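**Q** Before we start, here is the structure in question, set down as structure tokens.
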Amino acid sequence: MDRYIFRLFLILFAACQITQAIAADPYPNRLIKLVLPYPAGGGTDTFARPLALQLTARLGQTVVVDNRGGAGGSIGMEFVARAPADGYTLLLALTPQLAVNGALYEKIPYDPIKSFSPISLIAEAPYLLLVNPALPVTTTKELLALAKAENGKLTYASSGSGSGAHMAAELLIGMTGIPMTHVPYKGGGPALSDVLAGHVKVLFAPAVSSMQHIQSGRLRAIAITGDRRLSSLPNVPTIAEAAVPGYDSTVWYAVLAPPNTPREIVNRINTELLQILKDPAFKSMMNVNGIEPLGTTPEALNSHINKEISKWSKVIKNAGLKAE
């Protein structure tokens, strides 16, 4: 009997040692998913995939982009909100998912504040106000004058209801009182194609997807939606300096994790992100695509999301917008 008890003790002791060894394994020790709530092949991949490669190098474990588009981003957002809080599922979300959808949709399956652990606000990018060259305008003032004269008949394209491009346009309409008619598309590609073909005359779009068409003369950039000019388009003014003081609309990128993710994991990811965003080569690559790397504390990201929710909720309410 004593021999049996001794053997049982050895088994239990070995099990405890194994459990402690597993628990002591440093994070990370396996593959990490960076969930992007957009379909593969879109403009957001331009930022997500280089970021995943940089995280792979710094963390010593593979970080893969997991595209989960659909329902305005809600499919990917809900997936992360319900994922284990172990640091192996991260989220790269943008303005629409975190600051727009809650006001635009009647119901979404996540709370932008309570459903996630904030890690860092990592970048922002303005949109370009673009027109088909056949439209006889070269400045924002001329575009607004034409839109006023046409009294709502002038159409603008966006990548979809609630998208950052849609919100940029609605902010301009709200601040000027000059009507334009929204033509939403299922993605930036179809919207761009129809403006290039002349079916719709005006477009708000990221620099990364439109720069080649600007350079070839197939699109005319008349303004920047952010608060500063782009180094890649130094002669294109902001909307604020050209015609509408105080106007500022950018799309921003944030990294988050499932709710209740341990603070030590949040801090580790935050530290690595801040180092990546300081890297000159990474910054240069992003700047070429019109993206400005940032980098904040988790608390600053939480504050930013709350501020943006307030801003865009007012725009949506004043415009009477609902998801289509």
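**Q** Roughly how tilted is helix 140-150, in degrees to the nearest 10 and between 0 and 90, from the longest Cα axis of the chain?
**A** Here the helix axis deviates by roughly 70 degrees.
**Q** What number, in percent, do you get for the relative contact order of segment 202-324 if the mean sequence gap of Cα pairs under 8 Å and at least 6 apart is divided by its residue count?
**A** 18
**Q** Find the accessible area per residue for the chain; the probe is 1.4 Å, ligands and nucleic acids are left out, and the unit is Å².
**A** Heavy-atom accessible area per residue stands at 47 Å².
**Q** List the pair-distance distribution P(r) of the chain, using every Cα-Cα distance, as the percent of pairs falling in each 10 Å bin from 0 up to the bin containing the longest distance, rounded to whole percents.
**A** Reading the bins upward from 0: 6, 25, 31, 20, 9, 4, 3, 2, 1, 0.
**Q** Okay, next question. Can you tell me, using C-alpha contacts under 8 Å and at least 6 residues apart, the relative contact order of the chain as a whole percent?
**A** 25
**Q** Moving to a separate point now. Heads up, I need the accessible area for ASP227: 1.4 angstrom probe, whole protein in place, Å², nearest 10.
**A** Accessible surface of ASP227 is approximately 100 Å².
**Q** Note the direction-averaged projected area, equal to a quarter of the hull surface, for the Cα convex hull of segment 175-324, in nm².
**A** Taking the Cα atoms of segment 175-324, their convex hull projects to 11.3 nm² on average.
**Q** How big is the shadow of the Cα convex hull of segment 270-324, averaged over all directions, in nm²?
**A** 5.6
**Q** Next question, about the same structure. Starting from the alpha-carbon convex hull of segment 39-178, give the projected area averaged over all orientations, in nm².
**A** For segment 39-178, the mean projected area of the Cα convex hull comes to 10.7 nm².
**Q** Then there is this: Going by alpha carbons, how many degrees (0 to 90, nearest 10) lie between the helix axis of 164-176 and the longest principal axis of the chain?
**A** 40
**Q** Another question about this same structure. How fast does segment 67-136 diffuse by Stokes-Einstein, in µm²/s, taking the Kirkwood radius from C-alpha pairs at 37 °C and 0.692 mPa s?
**A** 233
**Q** 222 nm [θ] for the chain, helices only, -39500 (n - 2.57) per DSSP H run of 4+, per residue, to 500?
**A** Calculated mean residue ellipticity at 222 nm is -14000 deg cm²/dmol.
**Q** What nm distance separates the two modelled labels at GLN215 and SER303, each placed 7 Å from Cα along Cα→Cβ?
**A** For GLN215 paired with SER303, the spin-label model returns 3.9 nm.
**Q** In Å and on Cα atoms, what radius of gyration and Dmax does segment 235-319 show?
**A** When restricted to the Cα atoms of segment 235-319, Rg and Dmax are 16.4, 47 Å.
**Q** Taking 7 Å along the Cα-to-C-beta vector as the label spot, tell me the GLU150-LYS317 distance in nanometres, rounded to one decimal.
**A** It works out to 3.2 nm between the two label points.
**Q** Could you calculate the contour length gain from LEU53 to SER232, that is, 0.36 nm times the residue separation minus the distance between their Cα atoms, to one decimal place in nm?
**A** Taking 0.36 nm per residue and subtracting the Cα distance, the gain is 62.0 nm.
**Q** Using a 10 angstrom cutoff on alpha carbons, build the Gaussian network for the chain and name the most mobile of LEU274, LEU128, LEU36.
**A** The residue that fluctuates most here is LEU274.
**Q** Tell me, Kirkwood radius of segment 37-79 from alpha-carbon pair distances, in Å?
**A** 11.0
**Q** Using a 1.4 Å probe over the heavy atoms of the protein chains, calculate the carbon and sulfur portion of the accessible area of segment 189-324 as a whole percent.
**A** C and S fraction of accessible area: 50 percent.
**Q** Using a Cα-Cα cut-off of under 21 Å, which lysines could be cross-linked to LYS317, ignoring same-chain neighbours fewer than 8 residues away?
**A** The reachable lysines, counting only those whose Cα sits under 21 Å from LYS317, are LYS107, LYS307.
**Q** Give, rounded to the nearest 20 debye, the magnitude of the charge dipole that the chain has about its Cα centre when Lys and Arg contribute +1 at Cβ and Asp and Glu contribute -1 at Cβ.
**A** Result for the chain is approximately 160 debye, rounded to the nearest 20.
**Q** Pulled fully out, how much extra length does the chain show between GLU142 and VAL288, if you take 0.36 nm times their separation in residues and subtract their Cα-Cα distance?
**A** Between GLU142 and VAL288, full extension yields 49.7 nm more.
**Q** Rounded to a whole number of µm²/s, how large is the Stokes-Einstein D of segment 201-240 at 25 °C and 0.890 mPa s, given Rh as the Kirkwood radius over C-alpha pairs?
**A** Details: Rh = 10.5 Å.
My calculation gives 233 µm²/s for D.
**Q** Rounded, prolate or oblate: which fits segment 104-204, taking a ≥ b ≥ c as square roots of the Cα gyration tensor eigenvalues, rounded meaning a/c under 1.5, else prolate when a/b beats b/c?
**A** Taking the square roots of the gyration eigenvalues as a ≥ b ≥ c, segment 104-204 is prolate.
The values are calculated or read from the model by the stated rules, or taken from the named source; none is laboratory data. The structure displayed is predicted, hence computed values, not measured ones. In this analysis, Cβ positions are derived from the backbone assuming ideal geometry, glycine residues included, and neighbour counts consider all displayed protein chains. Ligands, DNA and RNA are stripped out before the accessible areas are found, and what is left, the full protein with its side chains, is counted by its heavy atoms. Shrake-Rupley method; radii C 1.70, N 1.55, O 1.52, S 1.80 Å.
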